[in-house]
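For reference, the structure discussed in these notes is given below.
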Amino acid sequence: MQHWELIIFFAVIAFVYASVGFGGGSSYLAILAVYELPFQEIKLTALICNIIVVTGGTIIYIKHKNVNWKKILPLVLVSVPMAFLGAKMKLSQDVFFIILGCSLLTAAILLWIKTKNVLPATIEKPNYVRDGLLGGSIGFLSGLVGIGGGIFLSPLLNLIKWDDPKKIAATASLFIFVNSISGIAGQVTHLQGNIDYTRIGILCIAVLIGGQIGSRVGTLKFNPLTVRRMTAVLVFAAGVEVLIKHAAHVIK
C-alpha cells in the first residue's frame with residue numbers, strides 16, 4: 001500500500017470524531033482529495049469508514065432513547081433514496097472534484113458558525129415538508145460526493161432550533177449511517193476495476209481502532225466547537241486546493 005501515513009491520519013480523525021459522536025467523512029474526503037487516488041475509491045472509502053465509526057454511537061443513541069423517531073423519519077425517508085440517486089450518477093473526475101471542493105467550502109463555513117444551545121422553550125414544532133426537503137437535498141449531495149451528510153445536517157438543525165443538542169447529535173449519527181449505506185449501494189452499480197480494496201481494508205481497520213478508542217475515552221473531553229473549527233480549517237484548505245487543481249483542468 002502506498003501512502004502509509006493515511007493510516008495515522010484516519011485513526012486520529014476517527015478517534016476525535018467518535019469522541020463527539022460523528023463519523024469524519026468530510027475529513028477523510030479532504031485528506032484523500034489531495035492524493036492522486038481514483039475518485040470512486042475516495043468516495044467508497046469515506047462512506048465505509050463513516051459507517052464503521054458511527055455504528056457504535058448510533059446504537060448508543062438508540063439505546064438511550066435519544067432518537068426522536070417521529071421527527072427523524074421525514075429526514076431519513078427522503079434522504080436515503082436521494083443519496084442512492086446521487087451516488088448512482090456518473091460524473092467525470094474533474095466535475096466530481098469541483099462539486100467536492102464547493103461542498104467542502106460550504107461545510108467549512110457551517111462548521112465554523114457557532115450556534116447557541118437550544119432551550120426546550122425555543123424548539124421548533126415539527127415541519128415535515130421542510131425536513132423532507134432538507135433531508136432530500138443533503139442526501140443527494142451526500143451521495144454525489146461520498147459523505148454521510150451529518151456535517152451539513154447538524155449545523156443546519158442547530159440553526160433552525162430543530163431540537164436539543166443531544167437529539168440533533170443522535171439524528172446526525174443515524175442520518176450519516178443510513179445515507180452512507182445508501183451511497184455505497186448506489187456506487188456499486190458503476191464501480192471501476194482500479195480500486196485498491198486492500199488500501200480500503202487497511203484504512204477501515206485504522207478507523208475501527210481509532211473510533212473504538214475515541215468512543216470509550218472517558219477522561220478526555222474534547223470541546224465540540226474546537227473540534228468543529230479545527231475540522232473547518234482542514235476542510236476549507238482541502239476544498240480550496242481541490243478547486244484550484246481541478247477547475248484549471250475544466251477551463252483548459
* Asked: Out of F236, V54, I209, whose Cα points farthest toward the positive end of the dipole of the chain (charges: +1 Lys, Arg; -1 Asp, Glu; placed on Cβ)?
  -> V54
* Asked: Say the cut-off is 24 Å between C-alpha atoms; which of K70/K161; K43/K125; K43/K166; K65/K161; K43/K70 go over it?
  -> K43/K125; K43/K166; K43/K70
* Asked: Going by how many other Cβ atoms sit within 10 Å of their own, how do K161, K167, K43, K125 line up, fewest first?
  -> K125, K161, K167, K43
* Farthest toward positive dipole pole in the chain [+1 Lys/Arg, -1 Asp/Glu at C-beta], among I113, G25, I181 -> I113
* To do: Give a residue-ordered list of calculated ³J(HN,Hα) values for the range 135-152 (Karplus: 6.51 cos²θ - 1.76 cosθ + 1.60, θ = phi - 60°; whole Hz; x for Gly, Pro).
  => x, x, 5, 5, x, 5, 4, 4, x, 4, 9, x, 10, x, x, x, 5, 8
* Given the Cα-Cα distance of V240 and K90 and 0.36 nm per residue of separation, how much length would full extension add, in nm? -> 51.7 nm
* Structure fact -> Expressed as a whole-number percentage, the relative contact order of the range 64-209 with C-alpha contacts under 8 angstrom and at least six residues apart is 38
* Hey, fewest Cβ within 10 Å first, where do F39, F152 land in order? -> F39, F152
* Structure fact -> Residues H3, H190 in order from fewest to most other beta-carbon atoms within 10 Å are H190, H3
* Structure fact -> Quick calc, the chain, dipole around Cα centre from Cβ unit charges on Lys, Arg (+) and Asp, Glu (-), nearest 20 debye, gives 820
* Asked: Rounded to the nearest 0.05, what FRET efficiency is calculated for L191 and I123 with R0 set to 45 Å and r the Cβ-Cβ distance?
  -> 0.60
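Bear in mind these aren't lab numbers, they're just calculated from the coordinates by the rules spelled out. Model, not experiment: these values are computed from the prediction. A quick note on method: Cβ atoms are made from the backbone with ideal geometry, for glycine too, and the neighbour counts reach across all protein chains shown.
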